[in-house]
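Down below is the structure, laid out as structure tokens.
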Amino acid sequence: MLVAILPGDGIGPEVTAQAKRVLDALAIPGMTYEEAPVGGAAYKAQGHPLPPATLDLARRADAILFGAVGDPDCDSLERALRPEQAILGLRKELTLFSNLRPAKMFAELADASTLRKEVAEQIDLLIVRELNGDVYFGEKGMRKTAEGLREGYDIMSYNEAEVRRIAHSAFRAAQARRGKLCSVDKANVLETSQLWRDVVIEVAADYPDVELSHMYVDNAAMQLVRNPGQFDVIVTGNLFGDILSDQASMCVGSIGMLASASLDANGKGLYEPIHGSAPDIAEQGKANPLATILSAAMMLRFSLGLPEVADRIEVAVAKALAGGARSADLGGTMSTSAMGDAVLAAL
Ligand code: IPM
Ligand code: MG
């Protein structure tokens, strides 16, 4: 089995290095790793954020472990050359349309949440975010209005096939959990959302065992901090899912804790922490590697058929936290590598 490691920018290389240490310590038979540059790092080295050799490795690999992309040095490049295009390109090229972003409170971290403990403790939810469509991939550009004003535009759209396939992913995820699915949209204003809602209701006919509800995205943002315990699985579009998953991450203590899987229809996946490249703390050994280590666990579970090994990693992370391992984002002072040490010791 081949795992592609794409460390990327900012704290990406630091956090993927710790996940790789954990994978190495597990010495999984038959597992090989190949690394390639991506994002701003790839642009600087090879002139493109997603060089052909990197894309080729991603295609050949059985699974991809991804760090983060985003580099302020590249913010004034034309959009097609910016680091973010690497992750968007991988999602699109490999048809990784189903993004699973679980948010569960680690009991040890109840005090790190910005929510009251008794509210935060209830959180055990999964955001299923669509990744291949929406305003992210619609026609976009800059133009002049009739009055000569500069105008930016990005077209939002979903077709029914795109909605149907993510709805099936979400209903299946709900079946494997507590059987509740909340579809989040803005159907009171957007046609895109009206179609979304109609199609989700059609797909629901195949899943009589799942309890489906609908919520407008503004209300969902509010409910996520008011009573997050009400959610089991949330399914939503690309943009709303981007926003709500960052919000959910902070509710469980830190964005430094949330792992994610981006899957195609066959279970091949890209695994990444949901946090970004955090250039402000890059190369200072301050980043929390746990989200990436937990992403590696998701990779073993969902793409490589090794759920027991995934369990071992997750248990080790919980043990490390119980033993007091805390990076700066969790209110502690431990370095990135010390956090990795703590997980290794707990393995
Ligand atoms: C995420 C990130 C990306 C996104 C960026 C880096 C393009 O915020 O994975 O949530 O917006 O999808
Ligand atoms: Mg995001």
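The values are calculated or read from the model by the stated rules, or taken from the named source; none is laboratory data. If you're wondering where the values come from, they're calculated on a predicted model, not measured in any experiment. Glycine gets a Cβ as well: all are built from the backbone with ideal geometry, and neighbour counts include every protein chain shown.
Only one of 324, 340, 332, 276 is in the same structural domain as residue 64 (by TED's automatic domain parsing), on the phi > 0 side of the Ramachandran plot, among the small types (Gly, Ala, Ser) and outside any strand (DSSP E or B). Can you tell me which?
324
Show the residue pairs meeting these rules: Cβ distance below 7 Å; 6+ apart or different chains; first residue within segment 32-54 and closer than 22 Å to residue 282 by Cα; second residue polar (S, T, N, Q).
Filtered contacts from segment 32-54: 36/54; 37/46; 37/54; 38/54; 42/54; 49/85; 50/85.
Test each condition in (1) surrounded by fewer than 23 Cβ atoms within 10 Å (Cβ to Cβ); (2) away from ligand 1 (no atom under 16 Å from the Cβ); (3) touching a residue at least 40 places away in the same chain (Cβ under 8 Å) for residue 321 and report the one that comes out false.
All conditions are met except number (1).
Restrict the check to segment 253-267 and report whether at least one residue is part of a helix (DSSP H, G or I) and closer than 30 Å to residue 187 by Cβ.
Checked against the condition, which is being part of a helix (DSSP H, G or I) and closer than 30 Å to residue 187 by Cβ, segment 253-267 yields at least one hit.
For segment 193-224, give me the residue count where each residue is in contact with a strand residue (DSSP E or B) (Cβ under 8 Å, 6 or more places away or on another chain), β-branched (Val, Ile, Thr) and either under 16 Å from residue 130 (Cα atoms) or not in a loop (DSSP other than H, G, I, E, B) (or both).
Residues flagged as in contact with a strand residue (DSSP E or B) (Cβ under 8 Å, 6 or more places away or on another chain), β-branched (Val, Ile, Thr) and either under 16 Å from residue 130 (Cα atoms) or not in a loop (DSSP other than H, G, I, E, B) (or both) within segment 193-224 amount to 3.
Against the conditions (1) buried (at least 22 other Cβ atoms within 10 Å of the Cβ); (2) within 16 Å of ligand 2 (Cβ to nearest atom); (3) not assigned by TED's automatic domain parsing to the domain that holds residue 11, where does residue 270 fall short? Just the number, please.
(3)
Can you find a residue that is crowded, with 18+ Cβ neighbours inside 10 Å, in contact with a Gly (Cβ under 9 Å, 6 or more places away or on another chain) and under 24 Å from residue 226 (Cβ atoms) anywhere in segment 134-156?
No: segment 134-156 contains no residue that is crowded, with 18+ Cβ neighbours inside 10 Å, in contact with a Gly (Cβ under 9 Å, 6 or more places away or on another chain) and under 24 Å from residue 226 (Cβ atoms).
Just checking, which of 139, 147, 118, 78 is more than 24 Å from residue 260 (Cβ to Cβ), without any contact (Cβ under 8 Å) to a residue 24 or more places away in the chain and not assigned by TED's automatic domain parsing to the domain that holds residue 238?
Answer to the selection: 78.
Go through segment 113-178 and tell me which strands (runs of 3 or more DSSP E), entirely inside it, have 1 or more residues that are closer than 30 Å to residue 329 by Cα.
Correct list: 124-130.
Going by what's in this entry, would residue 115 be described as among the aliphatic types (A, V, I, L, M) and either surrounded by fewer than 17 Cβ atoms within 10 Å (Cβ to Cβ) or under 29 Å from residue 63 (Cα atoms) (or both)?
no
Could you tell me whether residue 55 is in a strand (DSSP E or B) and out of contact with any Lys or Arg (no Cβ under 7 Å at 6 or more places or on another chain)?
Spelling it out, it is not the case that residue 55 is in a strand (DSSP E or B) and out of contact with any Lys or Arg (no Cβ under 7 Å at 6 or more places or on another chain).
Name, by its number, the condition in (1) under 15 Å from residue 293 (Cα atoms); (2) in a helix (DSSP H, G or I) that does not hold for residue 42.
For residue 42, the exception is condition (1).
Can you go through 254, 249, 245 and tell me which one is of a type in the set (Gly, Ala, Ser), outside the structural domain of residue 8 (by TED's automatic domain parsing) and within 30 Å of residue 56 (Cα to Cα)?
Criteria check complete, one pass: 245.
Hey, could you check segment 231-248 for residues that are touching a residue at least 40 places away in the same chain (Cβ under 8 Å) and part of a helix (DSSP H, G or I) and say which is nearest to ligand 1 (Cβ to nearest atom)?
242
Considering only residues that are part of a helix (DSSP H, G or I), modelled with pLDDT under 95 and either within 12 Å of ligand 1 (Cβ to nearest atom) or buried (at least 16 other Cβ atoms within 10 Å of the Cβ) (or both), which ones fall in segment 60-109?
79, 108, 109 - these are the residues of segment 60-109 that are part of a helix (DSSP H, G or I), modelled with pLDDT under 95 and either within 12 Å of ligand 1 (Cβ to nearest atom) or buried (at least 16 other Cβ atoms within 10 Å of the Cβ) (or both).
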